[in-house]
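Below is one structure, written out as structure tokens, with a few remarks after it.
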Amino acid sequence: MAQARRVPRPPAPSPALVCAAAWAWPGAGHLLLGRRRTGLILLAALPLMFAVGLSLEGRLFPFDPGQPLVLLMALADLGIGMPYLAAAALGLGDGRVVAPTHEYGNTFLIVAGLLNLLVVLDAGDIARGRK
């Protein structure tokens, strides 16, 4: 009886690469780890949440060390990765304070970034074999 040949598995990506990919584009870390369904859900949901925040006249906060709370919000916004960098490069996210939806927009932008940072931690744990 012939034995079946084992196909070697490709080496697992390094946790640092997985975390960098997960930060750069939401869901990319999970896709690298072979968690296709989770990766695709994150790839759709988090950038959509960020886009909703922009459409609701949310503000991408500036990096101003003189205002600690503004700095924290800017770091939270940056947590979404490339969507933030693209929006900033395109001049989006000025945030119209008089718009009735302004604070909702801010909330969507900040929460999208913070959720992606949790996704980065999750992908890192999976890559290290902790999950």
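Bear in mind these aren't lab numbers, they're just calculated from the coordinates by the rules spelled out. Every value quoted in this text rests on a predicted model; they were computed, and no experiment measured them. Quick reminder, even Gly has a Cβ in these numbers, built from the backbone with ideal geometry, and neighbours come from all protein chains shown.
Computed from these coordinates, which is Cα extents along the principal axes in Å: (1) 57, 29, 29; (2) 44, 35, 28; (3) 77, 27, 24?
The listed entry that was calculated here is (3).
Give me the net charge of GLY27's neighbourhood, meaning all other residues with Cβ under 13 Å from the Cβ of GLY27; Lys, Arg count +1, Asp, Glu -1.
+2
Can you put HIS102, HIS30 in order of Cβ neighbours within 10 angstrom, beginning with the fewest?
HIS102, HIS30
Would you mind checking which residues have amide H under 5 Å from ARG59's amide H? H placed 1.01 Å from N; only 5 or more apart, or other chain.
The answer is ASN106.
For the residues LEU48, LEU78, what sequence is obtained by ranking on other C-beta atoms within 10 Å, fewest first?
LEU48, LEU78
Around LEU42, with a cut-off of 12 angstrom between Cβ atoms, what is the net charge of the other residues, counting Lys and Arg +1 and Asp and Glu -1?
After counting each charged neighbour, the total is +2.
Whole-Hz Karplus ³J(HN,Hα) for region 69-81, in order, using 6.51 cos²θ - 1.76 cosθ + 1.60 and θ = phi - 60°, x for Gly and Pro?
With the stated coefficients, region 69-81 comes to 5, 5, 4, 5, 5, 5, 5, 5, 4, 5, x, 7, x Hz.
Kindly put ILE80, ILE41, ILE110 in sequence by how many other C-beta atoms sit within 10 Å of each C-beta, fewest to most.
Ordered from fewest to most neighbouring Cβ atoms within 10 Å, ILE80, ILE41, ILE110 come out as ILE41, ILE110, ILE80.
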